1. If a residue has to be surrounded by 22 or more Cβ atoms within 10 Å (Cβ to Cβ) and without any contact (Cβ under 8 Å) to a residue 60 or more places away in the chain to count, how many in segment 120-137 make the cut?
2. Quick check, is Leu88 surrounded by fewer than 16 Cβ atoms within 10 Å (Cβ to Cβ), aliphatic (A, V, I, L, M) and farther than 25 Å from Asn183 by Cβ?
3. What's the number of the only condition in (1) open to solvent by 30 Å² or more (accessible area, probe 1.4 Å); (2) in contact (Cβ under 8 Å) with a residue 60 or more places away in the chain that Thr151 fails to meet?
4. Taking the criterion of being surrounded by 15 or more Cβ atoms within 10 Å (Cβ to Cβ) and either among the aromatic types (Phe, Trp, Tyr) or under 22 Å from Leu53 (Cα atoms) (or both), would at least one residue in segment 102-112 satisfy it?
5. Find all pairs meeting these conditions: Cβ atoms under 7 angstrom apart; at least six residues apart or on different chains; first residue within segment 41-57 and among the polar types (S, T, N, Q); second residue assigned to a loop (DSSP other than H, G, I, E, B) and surrounded by 11 or more Cβ atoms within 10 Å (Cβ to Cβ).
6. For segment 42-49, indicate whether the set of residues that are more than 30 Å from Ala119 (Cα to Cα), of a type in the set (A, V, I, L, M) and at pLDDT 80 or above is non-empty.
7. Residue under question is Glu103, and the condition is that it be closer than 24 Å to Ala169 by Cα and of a type in the set (Asp, Glu); does it hold?
8. Report yes if some residue within segment 71-83 is outside any strand (DSSP E or B) and surrounded by 14 or more Cβ atoms within 10 Å (Cβ to Cβ); otherwise report no.
Amino acid sequence: MTSVAPVILLAAERESAQVTDWAARVGWVVGLGLFVALVYWLMREGWKWRGTLQGDLPQLPTAPEPPGAARLVLSGRYHGSTTAGQWLDRIVAHGLGTRSRVELTLSEAGLDVVRSGAADFFVPVAALREARLDKGIAGKVLTEGGLLVVTWAHGGELIDSGFRSDHAAEHNEWVETLNDMINKTETEGAR
């Protein structure tokens, strides 16, 4: 009889595995889904609110019919536009905040920005202010000199637009050519 008592004690100590509480698990998943949807909705409303605040920005110019001979052509990505000197102050009005593929064409008339999936725009040569290499713009940070940033005037504001070529070696040529055009335009305007 003494050998049966330890077996009974062991059997009494064993319990069955915990049963999953599906109602609680489903409740947590639904709650998490609702929280994610709320955060997404708030982000979307913030984007629309920013666009409303920037509503005083005039419509973007379009390229002239005879754009002239292309001096430089670049294929790459458009990463967005910000208020000049404020690399985190994204401009979203008129689609300037939409990242997209881009074809840049520089002619004597100015800079033609053709974007897939977003509105195209044109920057007249008289509106160009500066071109430089930088490392970041509104949510996109690259290595030093990995981003071509063009500063231009529109509607009384200075705007920085960031581009990255598929071939980053082209950036230096773009900076030199754009700055030469800007200096030439300023010199002719001073006469």
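The values are calculated or read from the model by the stated rules, or taken from the named source; none is laboratory data. Here the structure is a predicted model, which is why all the values come from computation and not from measurement. Because the Cβ atoms are built from the backbone with ideal geometry, glycine has one as well, and the counts that use them run over all protein chains shown. Calculation scope for accessible area: heavy atoms of the full protein, side chains included, ligands and nucleic acids excluded. Shrake-Rupley method; radii C 1.70, N 1.55, O 1.52, S 1.80 Å.
1. Going through segment 120-137 one residue at a time, the tally reaches 2.
2. Yes: the conditions hold for Leu88.
3. Single failed check for Thr151: (1).
4. So in segment 102-112, the residues surrounded by 15 or more Cβ atoms within 10 Å (Cβ to Cβ) come out as 102-107, 109-112.
Add one more test, that the residue is either among the aromatic types (Phe, Trp, Tyr) or under 22 Å from Leu53 (Cα atoms) (or both), and what stays is none.
No, segment 102-112 contains no residue that is surrounded by 15 or more Cβ atoms within 10 Å (Cβ to Cβ) and either among the aromatic types (Phe, Trp, Tyr) or under 22 Å from Leu53 (Cα atoms) (or both).
5. Cβ pairs passing all conditions: Gln54/Val92.
6. No, segment 42-49 has no match at all.
7. Yes.
8. Filtering segment 71-83 for residues outside any strand (DSSP E or B) gives none.
So far as segment 71-83 goes, no, none of its residues is outside any strand (DSSP E or B) and surrounded by 14 or more Cβ atoms within 10 Å (Cβ to Cβ).
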